[in-house]
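Chemist: Take a look at the following structure, please.
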Amino acid sequence: MRRTKAAAAAILLFWTAGGASASAEESLENYLSREKNLFWDYQEKINTLQSAVLRKSWINPIMLSYTESTSTQSLAGDTKSRTFSVSIDQPIFKSGGIYYAVKFADFQERANRKEIELQRRGLIVQAISTLFELKKNRLQQRQLRLKIRNDEIDIRRKREQYDAGLIDSSFLNQAILQRNRDRTALLSTKLAEKSLRNAFSLLSDKTPEKLKLPHLRLVGFEEYKSANLELETQRLRVAQSEYQSKMTWAKYLPTFSLNANYSATDPDPPLIGLKKDYYRYGFRLSMPLNINAPQDIEASRVAFLQQAVQLQDERRKVRSEYRLVLDTLSLIRQKIALARSDAKLYRSLLRSTREQYKAGQKTRSDVETMKNSLEMAKLDARIYEIERQIELLKLYAKIHR
């Protein structure tokens, strides 16, 4: 808890692209392909349009009708009739149901919009994470090449010692096996790079090397909780479910409706005593008596309670996710500190080895080994820094910025 409070004071997750001051959202969308961005733009448009339809769904349509008929019933001959009518049957009061329906549509639109944003954000984070993994992969390849150089030096040294009878063949065999293991690891890393490039191409039409990576910093827990898309979506789902429950309750209460009809008839032959054009209007007060109403109302109330419980569970999930990221970051910081400590040690050893080489006490191979070891330690620190950024992406994937 103490660590969470301390982290809450940390600066907000920050996006920079080489110091650029452009809009963060616009910059992030650049990581996805044009097709991916268009897909989510259309998804948002569909949500807006469907919600607009739902918001007005309580308004009944005006019905237009035209009928033309011929009857052979009359002994005087066939009679023809043409009728055009306009009618409407519109509820104007549904015991609050109309208001609840509009509010339900509003919250559903907002909840769907958050879910769409969360899914789009997930793809963006996936693309950025792949870029980080590619950068990490390139550093690992450099590290393995340095390690193989040291392996080659060790093999030469062991062979000289073996030829001089100072060691047996097992030491030389171990050195050769280590070089082969590192060579195999390098090949595996190259294969992993190809897989990462392929994965990135499925998300983006950009060249990985031309994209600048973001620099992410820790977001405080309160900021993370308030901007959390999953939590915000669930809050909206609770409100949506509450209004849906009220809609269910209202549909079993009285409804007051107005109805009107205009008809224009053209009978042939004309009917004596009847108008060709006439109006009909009135109102209706109705209330359904449904045997399943109590169960239907109770089911909608339970569904609302279920959403409320899920919101509480989501809050615990958010706190747990944040703590896990904090614990992981703490371990990564320790790994970075160890790598920097190793680099400091190798820097000191390299300095003393160079001095001994100048004095004729060490060989050039000794200097090269220490130099390569120093570079590997530096690369370790850089790799761990990338792992830290990847871990922070887990927070970024869930928040709105």
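The values are calculated or read from the model by the stated rules, or taken from the named source; none is laboratory data. Note that the structure is a prediction, hence the values are computed from the model and not measured. Counting neighbours? That spans all protein chains shown, and the Cβs are built from the backbone with ideal geometry, glycine included. SASA here: full protein model, heavy atoms, side chains in, ligands and nucleic acids out. Shrake-Rupley method; radii C 1.70, N 1.55, O 1.52, S 1.80 Å.
Chemist: Excluding same-chain residues fewer than 8 positions from residue 158, which lysines have a Cα within less than 26 Å of its Cα?
Modeler: 147, 358, 362, 371
Chemist: Please build a GNM for the chain, connecting alpha carbons under 10 Å apart, and tell me which residue among 154, 342, 277 fluctuates the most.
Modeler: 277
Chemist: With everything on Cα atoms, drop me the angle between helix 229-250 and the longest principal axis of the chain, reported from 0 to 90° to the nearest 10.
Modeler: That helix lies at roughly 20 degrees to the long axis.
Chemist: Given springs between every Cα pair under 10 Å in a Gaussian network model of the chain, which of 203, 166, 379 has the largest fluctuation?
Modeler: Highest fluctuation among the options: 166.
Chemist: Find how much the distance from residue 46 to residue 289 grows on full extension, using 0.36 nm per residue of separation minus their present alpha carbon separation; answer in nm with one decimal. Can you show the working numbers first?
Modeler: Working: separation 243, 0.36 × 243 = 87.48 nm, distance 3.70 nm.
This chain segment gains 83.8 nm when fully extended.
Chemist: Heavy atoms only, probe 1.4 Å: what % of the accessible area of the chain goes to carbon and sulfur, would you let me know?
Modeler: Heavy-atom surface of the chain belonging to carbon and sulfur, 1.4 Å probe: 55 percent.
Chemist: Given only helices, namely DSSP H runs of n ≥ 4 each adding -39500 (n - 2.57), what is the per-residue ellipticity at 222 nm of the chain, to the nearest 500 deg cm²/dmol?
Modeler: On the way: 9 runs with 262 residues, N = 401.
The helix contribution divided over the chain gives -23500 deg cm²/dmol.
Chemist: For the pairs 36/103; 45/135; 190/210; 317/378, note any where the Cα-Cα span goes beyond 29 Å. The partial results should precede the final answer.
Modeler: On the way: 36/103 31 Å; 45/135 36 Å; 190/210 20 Å; 317/378 36 Å.
The answer is 36/103; 45/135; 317/378.
Chemist: For the chain, what mean projected area does the convex hull of the alpha carbons give, in nm²? Mind showing how you got there, number by number?
Modeler: Values: hull surface 144.6 nm².
Value for the chain: 36.1 nm².
Chemist: Would you calculate the separation in nanometres between label points at residue 164 and residue 102, each defined as 7 Å from the Cα along the Cα-to-beta-carbon direction?
Modeler: 9.4 nm
Chemist: Relative contact order of region 33-133: what whole-number percent is it, with Cα pairs under 8 angstrom and at least 6 residues apart? Mind showing how you got there, number by number?
Modeler: Working: 71 pairs, mean separation 31.6, N = 101.
That works out to 31 percent.
Chemist: Another question, then. Would you mind working out the accessible area per residue for the chain, using a 1.4 Å probe, and quoting it in Å²?
Modeler: On the way: 24550 Å² over 401 residues.
Result: 61 Å² per residue.
Chemist: Next up: Less than 25 Å apart at the alpha-carbon level, and either on another chain or at least 8 residues along: which lysines does that give for residue 80?
Modeler: In chain and number order, the partners are 275, 276.
Chemist: Taking the full set of protein chains and a 1.4 angstrom probe, give the accessible area of residue 181 in square angstrom, rounded to the nearest 10.
Modeler: 120 Å²
Chemist: Rg and Dmax in Å for region 192-324, alpha carbons only: what are they?
Modeler: 30.1, 91
Chemist: Continuing with the same structure: Inverting the mean 1/r over all pairs of different Cα atoms, compute the Kirkwood radius of region 278-331 and quote it in Å. Walk me through the numbers on the way to the answer.
Modeler: Numbers: mean 1/r = 0.0621 Å⁻¹.
Final number for the Kirkwood radius of region 278-331 is 16.1 Å.
Chemist: For the chain, set up a GNM with springs between Cα atoms under 10 Å and report which of 81, 51, 365 has the largest fluctuation.
Modeler: Result for the chain, Cα springs under 10 Å: 81 fluctuates most.
Chemist: From Cα pairs below 8 angstrom and at least 6 apart in sequence, can you work out the relative contact order of the chain, rounded to a whole percent?
Modeler: Values: 509 pairs, mean separation 106.7, N = 401.
Reported as a whole number, the value is 27 percent.
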